[in-house]
Amino acid sequence: MAPKFGTSGLRGLVTELTPDLVTGYVRAFLAACPTGGGLQVGRDLRESSPAIAAIVAEAARGAGVPVTECGVLPTPALALAAQRAGQAAVMVTGSHIPADRNGLKFYVPAGEISKAEEQAIQGALGTGAPDADRAPLVEDAGAGDAFRDRYVTAYGGGALRGLRIGVYQHSSVARDMLVEVLGALGAEPVPLGRSDSFVPVDTEALDPATRGMLAGWCADHRLDAVVSTDGDADRPMVADASGRVVPGDILGALTSRALGAGTICTPISSNSMVVDLFGPEAVHLTRIGSPYVIAAMEAALADDPAARVVGYEANGGFLLGFPAEGPAGTLEPLMTRDCVLPIVAPLAAAVAEGRTLAQLVAALPPRFTAADRIQNVPSEASAAFIARLADDAAARAAFFEAGAPERDTDLTDGLRVSFDTGAVVHLRPSGNAPECRIYAEADSPEAAEALVATHFARLAEALRGA
């Protein structure tokens, strides 16, 4: 796969992320976007990340931009450090994709780059920031600590008291920080599954073996929950005491409610029960991808600067657009995907209400989602097949099987088909990997999972047989 630039920055095979290519994109970013006079650089735990981070730093220093090396830390921790410094940032990470791939995520001082800034960077390739006097490099080992302290200050030492929480550490950059945060909030953390090699955990599409492992841990260690993140820790994973994973969009809705949000921005793929929970006037549905969620949040804040705006994605990454009050203090806004807040807020709400996490989830409006992905298929092939379905009602009738006639279609992002039973099946090419995503929604978990399984098999046959 040739390196690709889009919503999640630059991604590609490590062998193709050459020094010249990485330098070219960093120089284009520095030329096309505001930097605040400096660049913060962080990285994940992939074997290839230190060398790529060094190339990023040298490219910026050679363009006369001072670099702050933040080391290994979560992507949202780097974003917070850059926000507080008023500087740009580059995170070296491939997120959840396999270890033979890596990438760069770009941040301007205000946060994640926008779609317009993506285009500006592409336009500046080959004509990027010129050589200049080599700028200095400094190290900041405290950026991760500042991120950790954000939650401890806001939630206090008793927010999670009485909970025994497993931490699936694998190769997440947040694996030690999560243990520290949970312990500081009063829980008893139990570290589990630490790995010396990179594990490509996709929190949105956990395989059956991983789900079984979580359930086994809960039983063996008498846990109240298990938590984890993807590789760069901008997406959460939370399972209840039985090991059942709470979907990211449910975590998002629970976190929104716990924070007292008044405006919720979330992609079209998120569980529609959020509309029942907050009302249609409070919910703004977007295309999939944090830039679209951020654009909706910014529009809401432009209309009302005092609006209590939040955003979240179906993968659980949570964006805070206002100063929110926790049980012990204030959380400053952070409009980039965060994994820690949607882990802590629902668990703290359960403790405060005297409920288990499963009871908290069960009290929500009864709509259920499931998701999976077909890997190693070109995005172009997925897009072409989905476009054919979108244009041909007969082709849709032959492909989809939901036990009822089609009610309507939504082309906001990919093809989302609703059926007379209320079931939904949504197909979408990934914007950052050679994958095709399948989402489903129904009135029971079993029905949603069955819809995904049925259409996974059909889509795999169609794409791989093309």
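Using only DSSP helix segments of four residues or longer, with each worth -39500 (n - 2.57), what per-residue ellipticity at 222 nm results for the chain after dividing by its residue count and rounding to 500? Present the calculation step by step, with values, prior to reporting the outcome.
Working: 15 runs with 176 residues, N = 466.
-11500 deg cm²/dmol, from helical runs alone.
Contact order normalised by length for the chain, with contacts defined as Cα pairs under 8 Å and 6 or more residues apart; what percent is it?
On the way: 1050 pairs, mean separation 59.5, N = 466.
Result for the chain is 13 percent.
Given DSSP loops and a limit of at most 14 other Cβ atoms within 10 Å, what is the longest stretch of the chain that contains no such GluC sites (Glu not before Pro)? Before the final figure, lay out each step's value.
Details: sites that count: Glu47, Glu281, Glu401.
In short, 48-280.
Just check region 146-362 against the gyration tensor rule for me: Cα atoms, a ≥ b ≥ c as the square roots of the eigenvalues, rounded for a/c under 1.5, and otherwise prolate or oblate depending on whether a/b exceeds b/c. Walk me through the numbers before you get to the answer.
Numbers: a/c = 1.65, a/b = 1.44, b/c = 1.15.
It is prolate, given that a/c is not under 1.5 and a/b is the larger ratio.
Once each part is reduced to its C-alpha centroid, what is the distance from region 139-167 to region 442-465 in angstrom?
Spelled out, the Cα-based centre of one part sits 39 Å from the other.
Considering the Cα positions of the chain, please state its Rg to one decimal place and its Dmax as a whole number of Å.
21.5, 67
For the chain, list the DSSP H helices whose alpha carbon atoms reach 24 Å or more along the long axis and whose average Kyte-Doolittle value is 0.0 or above? Present the calculation step by step, with values, prior to reporting the outcome.
Working: long enough: 445-464 (28 Å, 0.30).
Correct list, ordered by number: 445-464.
Loop-only trypsin sites (Lys or Arg not before Pro) in region 334-435, please: DSSP not H, G, I, E or B, and at most 16 other Cβ atoms within 10 Å. Before the final figure, lay out the partial values.
Working: sites: Arg337, Arg355, Arg367, Arg373, Arg388, Arg396, Arg407, Arg416; in loops: Arg355, Arg367.
Filter output for region 334-435: Arg355.
Roughly speaking, what is the centre-to-centre gap between region 188-202 and region 278-320 when only Cα atoms are used, to the nearest Å?
Cα centres, region 188-202 to region 278-320: 31 Å.
If you average the alpha carbon positions of region 374-429 and of region 1-61, how far apart do those two centres end up, in angstrom?
35
Extension gain Arg407-Leu13, at 0.36 nm per residue separation less the Cα-Cα distance, in nm? Before the final figure, lay out each step's value.
Working: separation 394, 0.36 × 394 = 141.84 nm, distance 4.12 nm.
Result: 137.7 nm gained on full extension.
Once you put a point 7 Å from the Cα of Arg211 and another 7 Å from the Cα of Gln122, both along the Cβ direction, what distance in nm separates them?
So the label points at Arg211 and Gln122 sit 3.7 nm apart.
No value in this document is a laboratory result; all are computed from the given coordinates. Note that the coordinates shown come from a computational prediction; the quantities given were computed from them, not determined experimentally. Cβ: placed from backbone, ideal geometry, glycine included. Neighbour counts: every protein chain shown.
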